[in-house]
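These notes are about the structure you will find just below.
Every number here is computed from the coordinates shown, using simple stated rules; none is lab data. Not measured: the values here are computed from a predicted model. Neighbour counts are summed over all protein chains in view; Cβ atoms, including those assigned to glycine, are modelled from backbone coordinates with ideal geometry.
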Amino acid sequence: MASDKMIARGKRLHEAMQKIKEGMSSACFGYLQAGQYLDVIKKERLWRDYSPAMSFGQWVQEEVGVSKSTAYHMIAVYEKFGSLVFGNPDYHGIEYSHLVALLPYTRKAKSARELENLLLLVNGQTMSGIKNNLRSLSGKVAADEECLHEDLKTVQVCERCGKWFA
């Protein structure tokens, strides 16, 4: 039988894990909201009237304090997944970095249903599960599977500049 101390520690762990999940969900919503309004500022060029910045990327770095690539990720994540995540409580626990990891796969997604299928690949998954799902989606062997290396390709490397050629 578990001791009272172990039961108390288990409850404390459960409470802490719940707070972590709540914080991660809040952070994701925050990034989605930031992406939404960065998109507004960029599309309407609102930054131009009130900043000496020469570009949106420069403005974002100087005024918002994030890199240009982070800002564009926030915008892309909002555009692709914002309505789905905001509109479905089942997706409220998805971590923002998992949504960023899905961005390269959204190019082929033509409908909201296909985007939702991508969300299903990461919803409730561990990082290793997500990596395996994305590798499988790319037609690659999952990280925890053995590869026989049957599909090798030859590449050449320029000794002068180091560029690779397939």
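Quick rundown of the values:
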{"quantity": "Average Cα contact separation per residue, the chain, under 8 Å, 6 or more apart, as relative contact order %", "calculated": "17"}
{"quantity": "Extension gain from VAL64 to SER138, taking 0.36 nm per residue of separation minus the Cα-Cα distance", "calculated": "23.2 nm"}
{"quantity": "Packing-based exposure ordering (other Cβ within 10 Å, fewest first) of THR126, THR70", "calculated": "THR126, THR70"}
{"quantity": "Read-out semi-axes √(5λ) of the Cα gyration tensor in Å, derived from the coordinates shown; its label in (1) 83, 27, 12; (2) 33, 30, 17; (3) 66, 16, 14", "calculated": "(2)"}
{"quantity": "Ordering of 156-164, 106-114 by burial proxy (mean other Cβ atoms within 10 Å per residue, highest first)", "calculated": "106-114, 156-164"}
{"quantity": "Above-threshold pairs, the threshold being 28 Å between Cα atoms, out of LYS19/LYS131; LYS42/LYS80; LYS108/LYS153; LYS43/LYS80; LYS21/LYS140; LYS80/LYS140", "calculated": "LYS21/LYS140"}
{"quantity": "Helical mean residue ellipticity (222 nm; -39500 (n - 2.57) per DSSP H run of 4+; nearest 500) of the chain", "calculated": "-18500 deg cm²/dmol"}
{"quantity": "Part-to-part distance (alpha-carbon centres) for segment 101-115 and segment 43-87, which is given in Å", "calculated": "21"}
{"quantity": "Simple Cβ-charge dipole of segment 4-125, Lys/Arg +1 and Asp/Glu -1, about Cα centre, in debye nearest 20", "calculated": "280"}
{"quantity": "Loop trypsin sites (Lys or Arg not before Pro), segment 1-50 (other Cβ atoms within 10 Å of the site Cβ: 13 or fewer; DSSP)", "calculated": "ARG45"}
{"quantity": "In nm, spacing of pseudo-spin labels at HIS92 and SER128 (7 Å Cα→C-beta vector)", "calculated": "3.0"}
